[in-house]
Amino acid sequence: MARDLNKVMIIGRLGADPEMRYTSTGSPVTTFRVASGRQWRDGAGEMREETEWFSVVAWNKLAEICNQYLAKGARVYVEGRLQTRSWDDQQSGQTRYRTEVIAGDMIILDSREGRPSRDDDDEPPPREARPAPPRGGRASPPDIGDEDIPF
């Protein structure tokens, strides 16, 4: 049986602070935009640059984490799926479409010292927002020196 795949991976910077709201059933939802750039040389050898903007939607616990720990300018990795929704514009009567990344995972890529802060607390980010260990094996053991050996 053939399987379909809808997967998006983005690394970029937030264009503004995330916005969190709650659905009528009380589920948190956070939205933010991520800019991802690329550079290349054109046929004449000139450097060119292009920026693509992605609308990201996070739900539930991930929404709360994104709202608490992300801020404008933060560098993030977002993994999720694409979803297009449509609605009828009341003013023009036209059908409008919007394609969004529905986040399933988010990793903050800024170092803690260089990270923009939205909160004044020094609480570390929850486990879900910390960088994941490398794939394909166990995390490498911590780096220890001679003074750390107990004998």
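Within the range 1-52, if we keep just the residues that are among the small types (Gly, Ala, Ser) and touching a Lys or Arg at 6+ places or on another chain (Cβ under 6 Å), the residue that is surrounded by the fewest Cβ atoms within 10 Å (Cβ to Cβ) turns out to be ALA16. Report yes if some residue within the range 75-86 is of a type in the set (Lys, Arg) and in contact (Cβ under 8 Å) with a residue 24 or more places away in the chain; otherwise report no. Within the range 75-86, one or more residues are of a type in the set (Lys, Arg) and in contact (Cβ under 8 Å) with a residue 24 or more places away in the chain. Close contacts from the range 24-38, counting a first residue that is of a type in the set (Phe, Trp, Tyr) and a second that is assigned to a strand (DSSP E or B), with Cβ to Cβ under 6 Å and a gap of 6+ residues or different chains, come to PHE32/LEU14; PHE32/VAL56.
Of ILE102, ILE108, all but one fail to be of a type in the set (Val, Ile, Thr), modelled with pLDDT of 95 or more and closer than 20 Å to ARG21 by Cα; the exception is ILE102. State which residue is nearest to LYS7 (Cα to Cα) when the search covers only the range 81-95 and only residues that are among the hydroxyl-bearing types (Ser, Thr, Tyr) and in contact with a strand residue (DSSP E or B) (Cβ under 8 Å, 6 or more places away or on another chain). Filtering the range 81-95 for residues that are among the hydroxyl-bearing types (Ser, Thr, Tyr) and in contact with a strand residue (DSSP E or B) (Cβ under 8 Å, 6 or more places away or on another chain), the one nearest to LYS7 (Cα to Cα) comes out as THR84. Taking the criterion of being in a strand (DSSP E or B), closer than 13 Å to THR31 by Cα and in contact with a Pro (Cβ under 9 Å, 6 or more places away or on another chain), no residue of the range 66-107 qualifies. On inspection, ARG3 does not qualify as out of contact with any Cys (no Cβ under 8 Å at 6 or more places or on another chain) and over 20 Å from GLU79 (Cβ atoms).
The values are calculated or read from the model by the stated rules, or taken from the named source; none is laboratory data. Since the model is a prediction, treat every value here as computed from it, not as a measurement. Heads up, the Cβs are rebuilt from the backbone with ideal geometry, glycines too, and the neighbour counts pull from every protein chain shown.
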